[in-house]
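Have a look at the structure below before the remarks.
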C-alpha cells in the first residue's frame, strides 16, 4: 500500500499519460476509470486496447501492478435496442 502523498503523486503521472483525444482518465482515491468514446464496439475495443497498453507500460516503468481480478470492462451506449419490448406491469 502506498502512502497517501506518494499515491497522489503516482496517480497524477498516470492521469497525465498521453491519452488519445477520445479518452478520459478519472481517478478517485486508489481507483482509476478510463472512458473511451467511439462510433462502434470494434472501434471502442481498439481505442481501449491502445490505452491499456499505455497503462501497462506505465505500470512497468513505475513498478506498480493493478489487480486484474478487480478490473472491469463496461460497454455503455446510447443506441436503442432493435427489439423494443413493452413491459407490462401486473395489476395489484
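When 78, 22 are sorted by how many other C-beta atoms sit within 10 angstrom of their C-beta, beginning with the fewest, the order is 78, 22. Counting 0.36 nm for each residue step from residue 69 to residue 10 and taking away their Cα separation leaves a gain of 19.1 nm. Annotation: the residues 51, 45, 68, sorted from fewest to most other C-beta atoms within 10 Å of their own C-beta, follow the order 68, 45, 51.
Here the extension length gained between residue 46 and residue 62 equals 3.3 nm, from 0.36 nm per residue of separation less the Cα-Cα distance. A full extension of the chain between residue 33 and residue 53 corresponds to an added length of 5.7 nm, given 0.36 nm per residue minus the alpha carbon distance.
Please order 47, 28, 66 by the number of other Cβ within 10 Å, starting at the fewest. Before the final figure, lay out each step's value.
Working: 47 18, 28 8, 66 12.
Exposure proxy ranking, most exposed first: 28, 66, 47.
Bear in mind these aren't lab numbers, they're just calculated from the coordinates by the rules spelled out. Remember, predicted model here, so these are calculated numbers, not experimental data. With ideal geometry, Cβ positions are generated from the backbone for all residues, glycine too; neighbour counts draw on all protein chains shown.
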